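To keep things clear, I will list the structure first and then write my remarks on it.
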Amino acid sequence: MINFYHDRDMMRKLLGLLGSARKNGNTEVLIKEALMGAEEVGAETGMIRLTDLSIRPCTGCMACVFRNEGCRIDDDLEWIFEKMVEADAIIIGAPTYYLGACATIKLFTDRALQFATRLDRMHGKVGASIAVAGLPEWDAFTVPILNTCLLAYNMRIERTLVAYAPGPGEVLLDDKVVESANSIGKVLAGAAEPEQQNSTGLCPVCRTDLVRITEKGAVCPVCNAKITIRLENSSIRLEYDANSVVNHRWTEENFEAHLNNWIRATEKKFKARFEEIKNLSQKYREFDRWIEPP
Ligand SMILES: Cc1cc2nc3c(=O)[nH]c(=O)nc-3n(C[C@H](O)[C@H](O)[C@H](O)COP(=O)(O)O)c2cc1C
């Protein structure tokens, strides 16, 4: 008899988003294991290999937020978003390339801006991530980039798994990792409890271990939660401020305020000094030294 953790009906649909182009690679097998775990408790699953689709870079035109026109780029983003909206939970996975999640994840995250005015359609969805790297200490930005993606698409993060293996499928030699991936699927399907908040010493919102030291103190760079660093018996302990954890930058209210009070407000400020900027940038527009491939 399964005890469902979530107080709503059991999750029906779990979508896997795969950031690796490598067929049968570590990300692929772990995402599939998570989906298998979800199917074992009755969920319906599907997956998308992001690298097989057209995801073009955001051009920064701002039409999506300044004019509510949607995105002018004609690629697969709208289709992917509809698949995300249809799902109850999403698991995203990526390999580490040069210390961070591979570039496809960043491309996909940047394009979340076009949905900024429609993120209510993602309301209540939960997410998890699987970060694969060749070796520890060469992956500092993988989880931060993956989990920023989940937050940018308005998901609450329930689990994050980090796995190390270089060769394709080699991660399967580690039973614990495979078991963990399977249990992530069950968590997202609503059949198991997510990790207790802060039981892991990671940021309770974004589950990353990055700390940024500023003049004002220490913060989590991903969600802006305040951190107090304590030294206890020669070991470092991080305490995440309870208020800023609840009030992190990715809450629907805070992100909407950022969208309205800052992102949208930049248009008016820019227009007010448009002529001045245009004059200043004249010589740069005329400086034409572009080199193109044959
Ligand atoms: C271009 C490239 C860059 C890589 N950079 C890193 C790195 O910075 N840190 C690391 O731990 N592994 C790195 N790796 C190893 C991959 O993260 C590792 O092989 C992983 O298992 C690949 O996952 P996949 O099988 O799902 O594609 C790199 C691999 C490639 C191809």
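No lab work stands behind these numbers, since they all come straight from the coordinates. Note that the structure is a prediction, hence the values are computed from the model and not measured. Every residue, glycine as well, gets a Cβ built from its backbone with ideal geometry; the counts of neighbours run over all protein chains shown.
Here are a few things to note about the model shown:
- Kirkwood-type hydrodynamic radius, the range 81-160: 12.8 Å, calculated from all non-identical alpha-carbon pairs.
- Euclidean distance of C-alpha centroids, the range 19-81 and the range 108-152, integer Å: 11
- Fluctuation leader among PHE274, PHE108, PHE141 - the chain, Gaussian network, Cα springs under 10 angstrom: PHE274
- Sorted into 10 angstrom bins from 0, the C-alpha pair distances of the chain split as 6, 25, 32, 24, 10, 4, 0, 0 percent.
- Mean separation of Cα contacts under 8 Å, 6 or more apart, over the residue count of the range 1-195: relative contact order %: 31
- For the residue pairs LYS83/LYS176; LYS106/LYS283; LYS32/LYS176; LYS83/LYS125, the alpha carbons lie more than 23 Å apart in LYS83/LYS176; LYS106/LYS283.
- Taking 0.36 nm per residue of separation and subtracting the current Cα-Cα distance, fully stretching the chain between ASN24 and LEU172 would add 52.2 nm.
- Each Lys and Arg Cβ is given +1 and each Asp and Glu Cβ -1; about its Cα centre, the range 43-146 then shows a dipole of about 260 debye.
- For the chain, the membrane-span-like helices by this rule, meaning whole DSSP H stretches whose C-alpha atoms cover at least 18 Å of axis and whose Kyte-Doolittle mean is -1.0 or above, are 26-40, 175-188; this says nothing about an actual membrane.
- Here the chain is assigned +1 on the Cβ of each Lys and Arg and -1 on the Cβ of each Asp and Glu. Its dipole about the Cα centre then comes out at about 1080 debye.
- A simple spin-label model places pseudo-atoms 7 Å from Cα toward Cβ; at ILE291 and GLU137 they are separated by 3.8 nm.
- Viscosity 0.890 mPa s, 25 °C: Kirkwood-radius Stokes-Einstein D of the range 7-78 over Cα pairs, µm²/s: 166
- Considering only THR142, ALA103, CYS71, the residue lying farthest towards the positive end of the dipole of the range 1-195 is CYS71, judged by Cα position with unit charges set on Cβ.
- Taking the Cα centre of the range 154-287 as reference, the dipole from Cβ charges on Lys and Arg (+1) and Asp and Glu (-1) amounts to some 820 debye.
- Gaussian network model of the chain, Cα within-10 Å springs - most flexible of TYR164, TYR240, TYR284: TYR284
- Packing-based ranking, highest mean first, of 37-47, 88-98, 69-79 given that Cβ atoms within 10 Å are counted: 88-98, 37-47, 69-79
- Selection of trypsin sites (Lys or Arg not before Pro), the range 167-261, meeting DSSP coil and at most 11 other Cβ within 10 Å: LYS216
- Charge dipole of the range 245-294 about the Cα centre (unit charges at C-beta), most positive-ward option of HIS248, ILE291, ILE277: ILE277
- Which of ALA181, THR45, ALA257, positive extreme of dipole for the chain (C-beta unit charges): ALA257
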